[in-house]
Amino acid sequence: MERNSFVKSHALGNDYIVLDPANLVFPLTPQAVRLICDRHLGVGSDGILARVPSSKANFGLRIYNPDGSEAEKSGNGLRIFARYLFDRGLLKTPEFTVETPGGIAKVTMHVLNGSVQRITVEMGTATFLSERIPVTGPSREVVNENLDIDGQRLTITAVSVGNPHCVVFVPQLEAVDLQRLGPLLERHSIFPNRTNVQFAEVKSRNRVAILIWERGAGHTLASGSSACAVAAAAVKKGVADRDLTIAMQGGDLQVSVGPDWSIRMSGSAEEVYSGTFSDMFLQRLA
């Protein structure tokens with residue numbers, strides 16, 4: 001890649017900047033991440049995907065939220081990163097592994113006549129155990145627990161798919177005040193590492209619609225790990241089958257939940273443009 005270059009991509013409207021820190025003349029500090037992700041002063045995105053070395057997988061990936069914090073795993077980010085690797089001829093086989101702070105993910109590119117049709121990611125295993133998410137209090141599975149938020153009682157199910165999630169099933173998504181409840185749940189004291197938040201409406205046994213408040217990013221149109229967390233929670237509660245569609249504002253993802261709670265996600269990713277940081281912007285980043 002060219003020095004100080006980057007790629008802008010999206011997966012169902014969830015957009016990321018992909019870059020290689022080894023090609024940058026500035027350190028990728030939290031301050032630099034916030035400036036790059038700023039939609040008015042920088043390139044603008046829901047986060048940054050940084051290619052890093054790995055001794056455990058074919059590729060390594062670090063995921064930065066737009067507030068400068070790091071995420072353990074991102075389903076949309078993994079698909080975007082996979083598309084980035086494919087488009088640059090960096091893949092030797094259609095199946096490969098990516099190491100993230102939230103675990104190693106196996107990725108499969110489904111290619112027809114040289115064109116990527118969809119990307120499948122093995123997202124690891126879902127767990128509802130409080131100490132694994134984490135959630136404060138005694139060791140337990142955090143399923144159908146009541147939580148008082150700003151005078152409103154919500155029933156939550158917490159789950160980790162390599163990163164933490166709080167799922168709230170509601171009768172109608174239209175009645176949800178996401179901008180008020182999202183940040184209150186994200187930063188609630190029972191989640192010591194903060195949490196991603198999803199409000200979910202069951203449409204049928206194989207379709208669930210969701211709204212997403214992403215930790216460190218806020219309202220996002222789509223999230224792969226959120227889709228996986230909601231699918232696992234829906235199966236755990238017995239309101240959905242193990243193969244289902246998660247409908248988000250940015251589009252749909254296909255998710256399968258195995259009997260051992262392994263999660264497989266399948267969807268698309270699209271590159272928007274590539275570019276280089278200007279000399280003036282580099283001065284600000286430095």
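Within region 23-69, being of a type in the set (D, E, K, R) and surrounded by fewer than 16 Cβ atoms within 10 Å (Cβ to Cβ) holds for D38, R39, K56, D67.
Against the list (1) buried (at least 18 other Cβ atoms within 10 Å of the Cβ); (2) at pLDDT below 95, the condition A286 fails is (1). Working carefully through the options Q117, Q179, find the one that is in the same structural domain as A71 (by TED's automatic domain parsing), surrounded by fewer than 19 Cβ atoms within 10 Å (Cβ to Cβ) and within 20 Å of A247 (Cα to Cα). After ruling out the rest, the residue left standing is Q117. Considering (1) in a helix (DSSP H, G or I); (2) more than 25 Å from D260 (Cβ to Cβ), the lone condition that N146 does not fulfil carries the number (1). A single entry from G224, G218, G238 fulfils the requirement of being surrounded by fewer than 19 Cβ atoms within 10 Å (Cβ to Cβ), within 26 Å of R132 (Cα to Cα), within 13 Å of the chain's Cα centre (by Cα) and of a type outside the set (D, E, K, R): G218. When the strands (runs of 3 or more DSSP E) confined to region 1-70 are screened for residues that are more than 21 Å from S278 (Cβ to Cβ), those reaching at least 2 such residues are found at 5-11, 48-52, 59-64. Within region 71-94, which residues are touching a helix residue (DSSP H, G or I) at 6+ places or on another chain (Cβ under 6 Å) and in a helix (DSSP H, G or I)? Selection gives G75, N76. Here G162 passes the criteria (1) part of a loop (DSSP other than H, G, I, E, B); (2) surrounded by fewer than 23 Cβ atoms within 10 Å (Cβ to Cβ) except the one numbered (2). Could you tell me whether R88 is surrounded by fewer than 19 Cβ atoms within 10 Å (Cβ to Cβ), closer than 24 Å to E186 by Cα, among the basic types (K, R) and not assigned by TED's automatic domain parsing to the domain that holds V255? Taking the combined requirement at face value, the residue does not satisfy it.
The values are calculated or read from the model by the stated rules, or taken from the named source; none is laboratory data. All values derive from a computational prediction rather than experimental measurement. Because the Cβ atoms are built from the backbone with ideal geometry, glycine has one as well, and the counts that use them run over all protein chains shown.
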